[in-house]
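Colleague: I have a structure here, written as structure tokens, and I will follow up with some questions on it.
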Amino acid sequence: MRIVIFLAFLLGSLSCMAADVCNVGTGVERVSVGDVSLAYQSIGRDSDPALLLVMGLGGQLIHWPDDVVEQLCEKGFRVIRFDNRDVGLSSWNAKAPEANLAYEVLRYRLGLSVGAPYRLRDMAGDALGLMDALGIQDFHLLGASMGGMIAQHIADMAPQRVRSLTLVMTSSGAQGLPAPSPALLKLLARREAPSREVALEQQADLLAALGSPAVVDDRAMLLHQAEVAYDRAFNPAGVERQLLAILAESSRVDLLNRLQVPTLVVHGTADPLLPVMHGVHVAAHIRGSELRLIPGLAHRFQERFKAPLLAAVLPHLQAHRLDAQLVQL
């Protein structure tokens, strides 16, 4: 009987310890990488394999769902999420010359060069600098949307440091792939707002448009999500500069062709921003990669699709975590 009581106590204690270790409410810290100050969170044990999450256009670290981060941590990963430059609590490039976004988009559509104050490869350098500052030599890497584009560069710049690569709802940037609808592009272009209220309505409209047609979003929930992000940081000019970094880049097909990192590509069949052929194209150009298509997934981490996403991602992460442990033995 005493043994049973002891085991129950031990299991309860371990559960509490896991909850403490995987607390997503841990404070945001800062690190300087060159001229850029990055805001980040490190969630989990320092001794666990690191998993770096790289967010997409205009997204902040809070846009990685807390419950997903907790589950990744509870599976034995030290999860690191951060604000890219020009969003959230990281540095805003206020000294950059003001760009005419409409003009640069026109140049992009005509196949002409696009001017940008920095490139996606610079943002990849930021992420590597963050890991250097944290003393993390090698890590698993997961990027979403623009974050997936940045992750492609990270894996190219430092392949020996990337244990595994997971690319979610992203693209190769190649010409000829399906474009988003004009209506969605119009919503993406609405960055200026005369008031907080208008800004929140605009963001809620965009979130709804990026969601799956299989899900009916609650408007109040979308407005709440927009409100949390707005009140943490609102920098539409920074989002424009990130967009210019995307447009200024040519196709990454040559980069993808030379990658030799274990890679999983995950894409939704209902993605309105980067239609499913973007994911198929990425996987086709990474030797040995695995492609997982999720029916109905669009371009947001909606509640209905969290379980399918984790079911796709976790086996890949765990497999290459075990590979690294066997090599160390």
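Colleague: Run down the aspartates and glutamates and flag those whose C-alpha is under 12 Å from the C-alpha of LYS186, throwing out any fewer than 8 positions away in its chain.
Modeller: Of all the aspartates and glutamates, those that pass the test against LYS186 - Cα under 12 Å, at least 8 places apart if same chain - are ASP205.
Colleague: Using just the helices of the chain, give the 222 nm mean residue ellipticity in deg cm²/dmol: DSSP H runs with n ≥ 4 each add -39,500 (n - 2.57), and the total is spread over all residues, rounded to 500.
Modeller: Computed ellipticity for the chain at 222 nm equals -14500 deg cm²/dmol.
Colleague: Determine the percent antiparallel among the DSSP beta bridges restricted to the chain, to the nearest 5. Could you put the intermediate results ahead of the total?
Modeller: Details: 9 of 32 bridges.
Antiparallel bridges: around 30 percent, rounded to the nearest 5.
Colleague: So if each residue of separation counts as 0.36 nm, and I subtract the Cα-Cα distance between ASN23 and ARG287, what length gain in nm does that give?
Modeller: Numbers: separation 264, 0.36 × 264 = 95.04 nm, distance 3.68 nm.
Length gained, ASN23 through ARG287: 91.4 nm.
Colleague: Here's another thing I want to ask about it. What do you get for Rg/Rh of the stretch 175-283 when both radii come from the Cα atoms and Rh is the Kirkwood radius?
Modeller: Dividing the radius of gyration by the Kirkwood radius yields 1.01.
Colleague: Now, a different point. To test your reading of the geometry: what angle, between 0 and 90 degrees and rounded to tens, separates the Cα axis of helix 236-247 from the longest principal axis of the chain?
Modeller: Helix 236-247 and the main axis of the chain meet at about 90 degrees.
Colleague: What net charge is computed for the residues neighbouring THR26, neighbours being all others with C-beta under 13 Å from the C-beta of THR26, Lys and Arg scored +1, Asp and Glu -1?
Modeller: Summing Lys/Arg as +1 and Asp/Glu as -1 gives -2.
Colleague: Another question, if that's okay. I'd like the distance separating the alpha-carbon centroids of the stretch 169-234 and the stretch 64-123, in whole Å.
Modeller: About 15 Å separates the Cα centre of the stretch 169-234 from the one of the stretch 64-123.
Colleague: At a 1.4 Å probe radius, carbon and sulfur cover how many percent of the accessible area of the chain?
Modeller: About 57 percent, which is the carbon plus sulfur part of the accessible surface.
Colleague: Highest mean first, how do 286-294, 233-241, 176-184 rank when packing is the count of other Cβ atoms within 10 Å averaged over residues?
Modeller: Highest-to-lowest ranking by the protection proxy: 233-241, 286-294, 176-184.
Colleague: Let me ask you something else. Does anyone have the angle between helix 120-133 and the longest principal axis of the chain? Alpha-carbon axes, 0 to 90°, nearest 10?
Modeller: 30
Colleague: Scaled to the compact-protein estimate 2.2 N^0.38 Å, what is the alpha-carbon radius of gyration of the chain, rounded to two decimal places?
Modeller: For the chain, the normalised Cα radius of gyration is 1.00.
Colleague: At 1.4 Å probe size, with every protein chain present, just tell me what the per residue accessible area of the stretch 242-320 comes to in Å². Mind dumping the intermediate values first?
Modeller: On the way: 3110 Å² over 79 residues.
Each residue of the stretch 242-320 exposes 39 Å² on average to a 1.4 Å probe.
Colleague: Moving to a separate point now. Reachable aspartates and glutamates from LYS75, Cα under 20 Å, same-chain residues fewer than 8 places away excluded?
Modeller: List returned: ASP20, ASP46, ASP48, ASP66, ASP67, ASP138, GLU303, ASP323.
Colleague: Turning to a different aspect of this structure: Which residues' amide hydrogens lie under 5 Å from the amide hydrogen of GLU290, considering only partners 5 or more residues apart or on another chain, with H built in the peptide plane?
Modeller: It is THR263, LEU264, VAL265, by chain and number.
Colleague: Right, another one. Ignoring ligands and nucleic acids, what accessible area does LEU309 show with a 1.4 Å probe (Å², nearest 10)?
Modeller: Surface accessible to solvent at LEU309 totals approximately 20 Å².
Colleague: Would you calculate the volume per residue, in Å³, of the smallest convex hull containing every Cα atom of the stretch 42-139?
Modeller: Once divided by residue count, the hull of the stretch 42-139 is 123 Å³.
Colleague: Could you work out how far helix 2-21 tilts from the main Cα principal axis of the chain, as a 0 to 90 degree angle to the nearest 10?
Modeller: On a 0 to 90 degree scale, this one is about 20.
The values are calculated or read from the model by the stated rules, or taken from the named source; none is laboratory data. Just so it is clear, the structure is predicted and the values come from calculations on it, not from any experiment. All Cβ positions, even for glycine, are placed from backbone atoms using ideal geometry, and neighbour counts span all protein chains on display. Note: areas computed on protein heavy atoms with side chains; ligands, DNA, RNA excluded. Shrake-Rupley method; radii C 1.70, N 1.55, O 1.52, S 1.80 Å.
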